[in-house]
Amino acid sequence: MALAALIGLAIQAAGAPVIVTTPPVFRANATMETAQIADIQVSVAADGRTLWQGTLRVGGSQSANFSQNLNQAGEIVTCDNGMRAGVRRDSLQVSINNGYRNPQQPDLFNVSVTWIRSAGQSSCGNYESPTRTTGLTDTAVLSGAGPVQLKGDGGLVVTLRRLDR
């Protein structure tokens, strides 16, 4: 006989009412039961060079994000009030998540990439260098059959390959 049952009999013998409950049983919903982890190799390129390459892991409702920012002195500008260095700013953001988190389409992923880069030098009236922004937001089916390439403006190319299949 289980210890809880013996304790219950002892309490009942003492005249106190016995209330027996069972712990709740939690069951995962269908989406969680079919959620998979996806390892996705990502390469972001533009201007004939690789901006970033790495692997991002996406699973269930968890997206994967990569971000890098570079702020540095720009060119020296000679102004009426003296010389000074401008500021150059460059950044890259990559985000991937399961497309609509639909268990019926486990190979569908949303991809978002934003690339901001300095374009030219600062001027006496503008301390920061002018920037150009290029990006893309798209969906990709990554079944593991091979790489998928997404193209944005300004020569931006994002190559995705699913590694876990």
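The table that follows gives values for the structure above.
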quantity: Radius 11 Å from Cβ of N69, net charge of other residues (Lys, Arg +1; Asp, Glu -1); calculated: 0
quantity: Distant-in-sequence amide H partners of T131 (H built 1.01 Å from N, under 5 Å); calculated: A119
quantity: Net charge, D164 excluded, C-beta distance under 10 Å - Lys, Arg +1, Asp, Glu -1; calculated: +2
quantity: Value of relative contact order over the stretch 49-98, rounded to a whole percent, pairs C-alpha under 8 Å and six or more apart; calculated: 43 percent
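Every read-out reported here was derived from the displayed coordinates using simple, explicitly stated rules and does not represent laboratory data. Just so it is clear, the model here is predicted, and its values are computed rather than measured. A quick note on method: Cβ atoms are made from the backbone with ideal geometry, for glycine too, and the neighbour counts reach across all protein chains shown.
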